[in-house]
Amino acid sequence: MLEEVDFELSLIHRDEINVAYILNLLVNLKNLPPEEAKKRQKAILDLLAGELQLRSKRKLIEAFIEENLPKLKPDDNVITEFESYWTQQRQNAFVQLCSDEKIEPAQFEKLLQTYAFANRLPRDQEIVESLSFKPKILERKSILDRVGEKIQAFINTYVEGVGGSV
C-alpha cells in the first residue's frame, strides 16, 4: 500500500514527463504481481492521456504498452524493446510520408538533420527541393502547407521530447 502511494506521488510531483520517464515506469512493471502491474499500467495510461507534451506520441506508447509489453519475457530489456519498436514505427512513418507526399527520402533525412542541428522547421524552398516533382504555381501553397504540416507532425512525434532514450 505504501509503495502504491509512493508511485502515485511520483506521478503527481514529476515536473517533466517525457518518453524516458514513461519507460522507467514501464521497467518497474516487470517485477510486480499481475494485479499490481495492471493497476500501475492503468495509472501510466492515465498519465499519458493528461500530458500535453506526449499527445503526439500517445498512440505509439499505448500500442507498445498494450501489444508489446505483455509479450516480453522476464529477461527482456523493456527499454531496448521499446527503442526497437520506436525505431521501426519511425521508419514506417518516414517511408509512408515520403511515399504519400512524393518526398525524396534522402532529402527528407536532410530536412530532419537540419531541424536537429538548427532547431528550425524546413523553409518552403527546402520543402520544394525535397519533392520528387515540381509543384505547379497554383498548387504550390496548398502542397507546401500540407507537406509542412506533415513534416511538423513527424517531428513532434518522432523527434521532439523523446528524452534521449530513443
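Would you mind working out the magnitude of the charge dipole of the chain relative to its Cα centre, with +1 at each Lys and Arg C-beta and -1 at each Asp and Glu C-beta, to the nearest 20 Debye? Intermediate values should be presented prior to the final figure.
Working: 23 positive and 28 negative charges, 149 e Å.
Approximately 720 debye in magnitude.
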Among Asn28, Leu72, Asn18, whose Cα lies farthest out toward the positive end of the dipole of the chain, if unit charges sit on the beta carbon of Lys, Arg (+1) and Asp, Glu (-1)? Asn18
What share of Cα pairs, in percent, lie more than 16 angstrom apart in the range 47-129? 65 percent
Using each residue's phi in the range 124-138, evaluate 6.51 cos²θ - 1.76 cosθ + 1.60 at θ = phi - 60° and report the 3J(HN,Hα) Karplus result to the nearest Hz, with x for Gly and Pro. 3, 5, 5, 5, 4, 5, 7, 6, 8, 9, 9, x, 5, 3, 5
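Among the listed pairs Lys30/Lys57; Lys102/Lys150; Lys71/Lys150; Lys102/Lys141, give every one whose C-alpha distance is greater than 20 Å. Don't jump to the answer; show the numbers that get you there.
Values: Lys30/Lys57 22 Å; Lys102/Lys150 12 Å; Lys71/Lys150 32 Å; Lys102/Lys141 16 Å.
Pairs exceeding the cut-off: Lys30/Lys57; Lys71/Lys150.
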In degrees, nearest ten, helix 2-13 long axis to first principal axis of the chain (Cα): 30 degrees
Projecting each Cα onto the charge dipole of the range 39-135 (Lys/Arg +1, Asp/Glu -1 at the beta carbon, about the Cα centre), which of Trp86, Leu54, Asn119 comes out farthest on the positive side? Leu54
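All of the numbers you see were taken from the coordinates with simple rules; none came from a lab. This one's a predicted model, so the numbers in the text were calculated from it and none came from an experiment. Cβ sites come from the backbone with ideal geometry, for glycine too, and all protein chains shown count toward neighbours.
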